[in-house]
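Novice: Dumping the structure here so I can ask a few things about it.
Any read-out appearing in this document is the output of simple, stated calculations on the displayed coordinates, not a laboratory observation. If you're wondering where the values come from, they're calculated on a predicted model, not measured in any experiment. Note: ideal-geometry Cβ built from the backbone for every residue, glycine included; neighbour counts use all protein chains shown.
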Amino acid sequence: MILKEALFEGKQKLRTAGIPTPELDAELLLSHILQKDRSCLIVHHDMTLSGVIYNKYILYITRRIQGECVAYITKRKKFRNLNLYVNKKTLVPRPDTEILVETALSWIDTAVVQNKKRKTISVLDICTGSGAVALALLDERPYIKVFASDISRAALAVAKQNYLKLLKLKRNDFFEHKMTIIESDIFASITGKFSIIVANPPYIKSSGLETLPKEVRAEPKIALDGGKDGLTIIKKIITGAKYYLEDGGALFIEAGPQEMPDIKKIFEELKYNNITITKDLAGLNRVIGGESC
């Protein structure tokens with residue numbers, strides 16, 4: 001089978017099945033199997049694929065049609081500058097979560113300028129999952145110290161693997177011991193205080209889980225289910241963070257735009273200062289935060 005013919009077949013199958021991004025998904029799956037960049041698919045469009053590669057590609061296409069997302073099939077997901085390992089024990093990092101990273105980076109940069117204490121910046125990432133947020137922050141601001149926590153031991157194993165991958169990529173002793181992984185139900189096993197706390201917690205209402213796209217429903221329920229009002233975990237994080245933030249420290253949470261008014265009220269009731277809401281690329285309220293007294 002010629003590469004361009006196989007690629008066309010894959011796109012057609014995905015399109016017929018109603019997959020929203022058939023071209024992109026087909027190219028990502030084939031380039032992953034070939035271990036080449038997507039751009040190489042154009043350069044080598046006349047290359048002959050072996051039967052083994054073609055059969056594997058069609059298997060991947062079938063899995064995608066059955067509702068498995070590309071990231072779980074390839075066990076890879078790009079997030080900012082990182083190429084993360086993911087599996088079905090973690091959420092798939094999404095572009096919206098990059099807004100959480102950007103908001104935290106902005107706060108860190110301001111704190112550094114104001115305090116001139118680069119080595120004192122400590123970050124706690126709650127509900128870390130694959131470690132995407134914690135590792136992106138560490139990758140882009142290597143002078144910080146990050147603590148990544150999650151209730152799921154399986155998710156933390158993925159986060160650890162991604163941290164070790166970052167260490168290998170950097171080949172720099174400076175990154176050694178810069179990330180601490182903690183198994184914790186929110187703040188249950190957390191000690192000490194932090195300059196900034198970030199979280200991408202579950203915020204989908206329990207009643208809304210079955211309305212999610214099929215591929216999203218395949219992700220860990222514990223990382224999606226925010227309880228009856230979608231705010232069960234968020235309330236605990238905002239309440240507890242007051243005891244774990246340094247004076248003037250900040251808490252930033254990613255959530256859905258529909259939850260923002262209620263979350264803002266919680267921040268206000270607990271008397272956080274400088275409460276801000278940051279929009280995503282679609283203009284929707286995506287990240288909310290405030291500073292401790």
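Novice: Helix-derived [θ] at 222 nm for the chain: sum -39500 (n - 2.57) over DSSP H runs of at least 4, divide by residue count, nearest 500?
Specialist: The per-residue figure over the chain is -13000 deg cm²/dmol.
Novice: Using only C-alpha atoms and all pairs of different ones, pull out the Kirkwood radius for segment 138-293 in Å with one decimal.
Specialist: 16.9
Novice: In addition: Would you mind computing, in nm to one decimal, how far apart the modelled labels at MET1 and LYS170 are, each placed 7 Å from Cα along Cα→Cβ?
Specialist: Output for this residue pair reads 4.2 nm.
Novice: Please give every one of the aspartates and glutamates within straight-line cross-link reach of LYS242, meaning a C-alpha to C-alpha distance under 17 Å, and leave out same-chain neighbours fewer than 8 residues apart.
Specialist: Partners found: ASP125, ASP185, GLU268, GLU269, GLU291.
Novice: Right, next: If the viscosity is 0.890 mPa s and the temperature 25 °C, what translational diffusion coefficient in µm²/s does Stokes-Einstein give for the chain when Rh comes from Kirkwood over Cα pairs? All intermediate terms of the calculation are to be shown ahead of the outcome.
Specialist: Details: Rh = 20.4 Å.
Diffusion coefficient, whole number: 120 µm²/s.
Novice: Sticking with this one: Would you mind checking LYS78/LYS193; LYS160/LYS279; LYS236/LYS271; LYS11/LYS89 for any pair whose Cα atoms are more than 22 angstrom apart?
Specialist: Listed pairs above 22 Å: LYS78/LYS193; LYS160/LYS279; LYS11/LYS89.
Novice: Hey, can you grab everything whose amide H is under 5 Å from the amide H of PHE252? Only 5+ residues off in sequence or another chain; H modelled, so Pro and N-termini drop out.
Specialist: For PHE252, the qualifying residues are ILE197, VAL198, ALA199.
Novice: Taking the convex hull of the alpha carbon atoms in segment 3-66, what volume per residue do you get, in Å³? Write down the numbers at each step before the final one.
Specialist: Numbers: hull volume 4.2 nm³, N = 64.
Convex hull volume per residue, Cα atoms: 65 Å³.
Novice: Treating the beta-carbon of each Lys and Arg as +1 and of each Asp and Glu as -1, no other charges, what is the dipole magnitude of the chain about its Cα centre, to the nearest 20 debye?
Specialist: On the way: 44 positive and 34 negative charges, 128 e Å.
That gives the chain a dipole magnitude of about 620 debye.
Novice: Using a cut-off of 15 Å between alpha-carbon atoms, which aspartates and glutamates can reach LYS165, once sequence neighbours fewer than 8 places away in the same chain are excluded?
Specialist: Hits, sequence-local ones excluded: ASP139, ASP173, GLU176.
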